[in-house]
Each structure stands twice: as C-alpha cells, then as structure tokens.
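To start, the structure itself, in structure tokens.
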Amino acid sequence: MRKTHLDIKTDILEEIRAQRLQPGVRIPSERELSKKYGVSRTVVRKALSELIDEGILISIPGSGTYVMQPAKPNQPHHKTIAFLLCTRGIPDYTVTTNYFYAQVLRGIELQTRRLGYQCLVSTIDELAFDNDHLRSIIRRVDGLILGELRCEKLHNYIRQTNIPAVLISPSLDSPVFDRILIDNFAGSVAATDYLIRRGHRRIAFLGGSTNSWPAKERFEGYKAGLERNGMKLDEELIRITGWDFAKARKATMDLLDNTHFTAIFAASDLLAMAAMQAIKEANRKIPDDISVVGFDDLETSAQHTPQLTSVHVYKEYMGKLAVTLLLSSLEERKDFGTTTIVPTRLIERKSVGEIGVK
C-alpha cells in the first residue's frame, strides 16, 4: 500500500521518540524521503510542514530540516516574548511604519500564536535607551527578538541580563546570541548581473546607511556584480542616501541632471520607489528610458506602477525562524551564537527593459 503523509509523519515521530533522531540532527532530505517511501516530494513536504508547524522540526534555508530540542517539563515560562526594533533617534518610529519589519513581525506573531506564546512589540532608541524601560520589558518576557541591532552598548547590556535573544539582520557580531542574516551580497550580485544581461552598462547605485551591515553588503554585491562582468566601478554613478526616501529622490534627480545611465539598482525598495518618483517627475519612462531594481520585495512593490523588479527577502519566514530559535534557547539549546543566512531570489516584474530591444 502506498504511504500517505500521515504514515511518513508517524515514522519520523517514532524515530524521534526512539532517539534514533536526536535533537539538533538534520533529517533526510525531501528527495531522500521521497525515494525511501516511494512517494512524491509533495507528499513528503506535507508531512514535514505539519511537523514544522507543530514545533517538532525546524527548516533552515540552504541547510536542511532539523529536529527541535524538546521542551523541558514544568519549566516556568511567562509564555511571552518581546520583539524590539532598534532605531537611532527617529521620532514617531514604529514597527508598523517600517514596511520590512512589519512583514517580519507578521511571521513572529504567527509563530508565537501557533506555539502558544504572546508577543510584546516595541521600539528602542539605541542612542538613548532607557535602562528602566528595558528592564521592565525583560522582567515580563522569556526572551527577546531584536531587529537591526547596531549598538555594542545595548548588546552588552542585554547580554548581562542573561535573557535569551535572537538578532535579526544586526550590524554587529555576537558570540552569545543567534543571528539571522540576509544573503545581501548574493542578492545584490544577482540584481546587478540581471541588469547587465539585459544590456545595461551604466548602472547607478542608491545605497543605504553607512553604519548598516546590510547596506554595506549590498554595495559590495553591486561592485562584485560589475567586476564579474568585466566592468569597472564608476564613482560618478554612486549615491549613498541612507534609508531616506527624500534623499534618494533628490539623489536620483541629481543623477538625471548630471550623468548618463540606463538603470538604477537601489539597496532597498523604499529607495527604488523614490528613484521611480524622481524619474517620472523628470518626464522619463520606466523601463523605456531608465530601468529600476530594488531590494527587499515589499508588498507594495507589486502594486507600484510599473511593478518593481526586486530581490525578494523571506521576511515572514525570518520572523518565524527567530521565534523557533528563541524558544530553542529557552529549552537550553547549547549552540548559542549560531548564524543562519537566509537566501534571496530575484523577482522579475515590469521595471526593467532591455537595451537595444524594441
């Protein structure tokens, strides 16, 4: 009789209960399980997805699927975690006003709800954080997820409290906290290469904040994309604007007035949309006159006119993974300080044209 996904799920659970699959061990791949059971990968995927949803397994892109550490019985929990988005002196800044982290938060909330936890959400100013406020949050939660951490002082303060934490896209190393990073470099290489393969040789770059590792990695990827295609970096085409819409719009206007180029690679979709606005205001057409590629693939990118080609980041997945890693830390997982690099992929839409093609 042909095996069903429930049969496969039951077998894996039995392997775990019998300790033939230990916590932290990578299970066989979808292809291996498909061959073993004589079923399609779709059937295997359904079994694995249910085990992941139930917190039995964890899937890490580019690495595989692993057995989760089982929860310790009767371990006291608040059953609450906190997501803190780190800022730097920006007034009225919230998670919901940051389109990227709003989607990360969605993943966090879906996973906490699924696993029976609650999530507090707040922002914290790295340049002037309030110890009392932070302590009051830490007293109420089992662990922290921090987005965009850059401040060593804040990192060290949290470290001294001994609370488990996971860092999403930080701009610092950490020997004690798990980090979830985006493969910014490979994504930027792919975006630059994509433009070059469509005939573009004068590709401008709009970059993010100079103190942001993701911004630096995206710039390095842009440079590497040029170099691998035998092209030299032209400083005239580079504008570092921070993650600022108004500055990116102004920088694009300056490029249009003073430099010849046929495409822009922007280090975020926000910067790409600022560039698109400036191009339209200059009565240029996208993609007929100027092509544009962004990074992050925000939900608004597909709704823009024209629809923005962008490097997709698995934002919701990163939120879910952060919760899974954090809860593993609560259950005394031993491999603190791990780094997970989440891959990206280019989403082709309508904002890129081909040079010399009618």
Problem - the chain: most fluctuating residue of Cys119, Cys151, Cys86 per GNM, C-alpha cutoff 10 Å - result: Cys151
Exercise for the section: Using 0.36 nm per residue of separation minus the Cα-Cα distance, give me the extension gain between Arg201 and Gln277 in nm, one decimal. Expected result: 25.1 nm
Practice task
Express in nm, to one decimal, how much length is gained between Glu220 and Asp173 on full extension, taking 0.36 nm for each residue of separation and deducting their alpha carbon distance.
Solution key: 15.1 nm
Practice task
Apply the membrane-span-like helix rule to the chain: whole DSSP H runs, Cα extent along the own long axis of at least 15 Å, mean Kyte-Doolittle hydropathy at least -0.5. List the helices found.
Solution key: 5-17, 41-53, 99-114, 184-197, 245-258, 269-281, 315-330
Completion exercise
Of the candidate values (1) -0.53, -0.63, -1.13, -1.26; (2) -0.46, -0.58, -1.13, -1.22; (3) -0.42, -0.54, -1.27, -1.40, the one computed for log10 I(q)/I(0) by the Debye sum over Cα atoms at q = 0.08, 0.09, 0.14, 0.15 Å⁻¹ from this structure is (2)
Practice task
Can you pull the one-decimal nm distance between simple spin-label points at Arg114 and Gln160, each 7 Å off the Cα toward Cβ?
Solution key: 3.7 nm
Completion exercise
Here the gain from full extension of Leu6 to Gln19, 0.36 nm per residue of separation minus their alpha-carbon distance, amounts to 2.7 nm
Problem - Gyration tensor (alpha-carbon) shape descriptor, segment 184-313, a/c threshold 1.5 - result: rounded
Exercise for the section: Report the relative contact order of segment 5-53, percent, no decimals, based on alpha-carbon pairs under 8 angstrom and at least 6 residues apart. Expected result: 47 percent
Exercise for the section: Would you mind telling me the antiparallel percentage of the DSSP bridges in segment 184-313, rounded to 5? Expected result: 0 percent
Exercise for the section: Taking the Cα centre of the chain as origin, sum charge times position over the Cβ atoms of Lys and Arg (+1) and Asp and Glu (-1), and report the length of that vector in debye to the nearest 20. Expected result: 880 debye
Fill in the blank from the handout: In the chain the DSSP beta bridges are antiparallel at a rate, in percent to nearest 5, of 20 percent
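Determine, for each peptide in 318-329, 3-14, 265-276, 227-238, the mean count of other beta carbons within 10 angstrom over its residues, then list the peptides with the highest first.
265-276, 318-329, 3-14, 227-238
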Problem - Furthest towards positive pole of dipole, Gln19, Pro306, Ile8, structure part the chain, Cβ charges - result: Ile8
Fill in the blank from the handout: Placing each pseudo-label 7 Å from Cα in the direction of the beta carbon, Leu127 and Asn211 end up separated by a distance in nanometres of 0.7 nm
Completion exercise
So, relative contact order of the chain in percent, Cα under 8 Å, 6 or more apart, is 17 percent
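We did not get these values from a lab; they are worked out from the coordinates using the rules stated. In this text, all values refer to a predicted model and were calculated from it rather than measured experimentally. So basically every Cβ, Gly included, is an ideal-geometry build from the backbone, and we count neighbours across all protein chains shown.
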